Amino acid sequence: MNMRVVSGIQPTGNLHLGNYLGAIRNWVRLQEKSECVFFLADLHAITVYNEPAVLAANIREMAAALLAAGVDPVRSILFRQAMVPGHAELAWLLNCTARIGWLNRMTQFKEKSGKNREGASVGLYSYPVLQAADVLLYNATHVPVGEDQKQHLELARDIAAKFNTDYAVELFTAPEPMIGGPAARVMSLRDGTAKMSKSDPSEASRVHLTDDADTILQKIRKAKSDSEPLPASVEELEGRPEARNLVGIFAAMADETPAQVLGRFAGQGFGTFKPALAECIIEAMRPITARLEEFRRDPGELDRILADGAERARAMGAATLEGAYRAMGLR
Ligand code: TYM
């Protein structure tokens with residue numbers, strides 16, 4: 001079976017090391033050998049209030065960041081969700097297949113709505129159904145994401161199976177999540193037990209793709225760690241979440257395993273390890289930030305790329321969307 005890879009990212013804030021190592025770098029690598037569909041999840045971004053002008057600017061900024069990171073808009077399809085109506089249409093059809101009980105189990109909704117559940121938007125609640133539509137529309141076989149999206153992908157599989165059974169069709173393909181490596185869950189630099197996230201108010205909790213060398217060095221220097229030297233084995237990182245996280249980031253950046261990193265740094269303290277880690281991040285980011293500058297200077301080209309991607313995505317999703325309407329008796 002041919003692989004079809006589909007994945008998305010919300011265009012809110014800047015690309016950080018968690019997004020990059022957990023997802024985007026895998027997107028870039030997958031393009032070499034498979035058909036890929038990547039999009040800016042702008043319809044997901046509006047599930048919480050976003051200032052329209054800020055959102056519009058963030059969309060272009062995120063598109064530029066993805067291109068700078070190596071997404072190839074000719075070989076792959078790159079577009080914005082809001083420019084392909086099939087996402088919202090299929091999401092509605094699938095809202096009628098998804099069960100309230102299934103959505104009630106989504107941990108991300110619980111985290112994001114917090115104590116103010118009654119005040120959260122309906123969109124935030126049904127967000128995982130839109131995410132299911134995103135991948136089912138294109139018959140994705142594989143979805144490269146970070147660990148935090150695993151539950152949403154399982155829901156997409158459940159929705160696909162129930163729809164196919166309810167309407168006695170073989171329309172939707174169950175997508176396989178692709179999650180793994182030392183960076184499947186990059187943690188905050190300030191707290192090794194919390195995910196590195198765009199929504200963390202502390203800038204010091206994450207490294208952005210756009211940070212200059214000095215800022216990266218400062219953030220890594222100030223990153224929370226502990227006073228023990230690095231151990232010789234990965235097992236001994238147990239109970240040391242910050243140490244584990246920094247070793248995991250190093251491993252992902254250097255394309256090594258955590259064991260290999262410890263092989264080099266065992267017995268050394270963070271005074272030695274942190275500058276080496278910062279150097280490794282700075283070197284890997286340098287070409288990306290340089291390209292980012294070029295894409296930023298040409299918003300017309302960005303819009304052209306996104307419009308071209310949207311047209312190709314519309315064509316790719318059309319048959320499955322029609323199939324869903326037909327299966328439900330709506331054609
Ligand atoms: P988003 O925008 O929060 O994140 C984009 C990608 O980055 C991964 N990620 C991380 N990986 C490792 N460590 C972290 N700290 C970290 N933070 C973020 C995410 O897992 C994700 O892969 N709902 C999705 C966007 C989406 C989507 C889709 C993804 C919408 N539709 C369909 C896949 C398929 C989201 O909010 O990701």
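Per-structure values
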| item | result |
| --- | --- |
| Long-range neighbours under 9 Å by Cβ, at least six apart or interchain, first residue part of a loop (DSSP other than H, G, I, E, B) and more than 10 Å from the ligand (Cβ to nearest atom) within the range 195-215, second of a type in the set (Ser, Thr, Tyr) and at pLDDT below 95 | Leu209/Thr289; Thr210/Thr289; Asp211/Thr289; Asp212/Thr289 |
| The range 106-159 - residue that is assigned to a loop (DSSP other than H, G, I, E, B) and within 12 Å of the ligand (Cβ to nearest atom) and, of those, surrounded by the most Cβ atoms within 10 Å (Cβ to Cβ) | Leu137 |
| Filtered residue count, the range 26-46, keeping only those that are more than 11 Å from the ligand (Cβ to nearest atom) and touching a residue at least 24 places away in the same chain (Cβ under 8 Å) | 8 |
| Residue among Ala174, Ala183, Ala156 that alone is touching a helix residue (DSSP H, G or I) at 6+ places or on another chain (Cβ under 6 Å), at pLDDT below 95 and within 24 Å of Leu30 (Cα to Cα) | Ala183 |
| Single match in Gly300, Gly263 (criterion: in a helix (DSSP H, G or I), free of Cβ contacts under 8 Å to residues at least 40 places away in the same chain and under 30 Å from Ile77 (Cα atoms)) | Gly300 |
| Cβ pairs under 8 Å, 6+ apart, first in the range 161-173 and within 15 Å of Leu137 (Cα to Cα), second part of a loop (DSSP other than H, G, I, E, B) and polar (S, T, N, Q) | Phe163/Thr97; Phe172/Asn139; Thr173/Asn139; Thr173/Thr141 |
| Sole exception among (1) closer than 30 Å to Met62 by Cβ; (2) free of Cβ contacts under 8 Å to residues at least 60 places away in the same chain for Ser227, by number | (1) |
| Count of the range 14-25 residues which are out of contact with any helix residue (DSSP H, G or I) (no Cβ under 6 Å at 6 or more places or on another chain) and either more than 9 Å from the ligand (Cβ to nearest atom) or aliphatic (A, V, I, L, M) (or both) | 4 |
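The values are calculated or read from the model by the stated rules, or taken from the named source; none is laboratory data. Bear in mind that the values here come from a model prediction, so they are computed numbers and not experimental data. All Cβ positions, glycine included, derive from the backbone under ideal geometry; neighbour counts span all protein chains shown.
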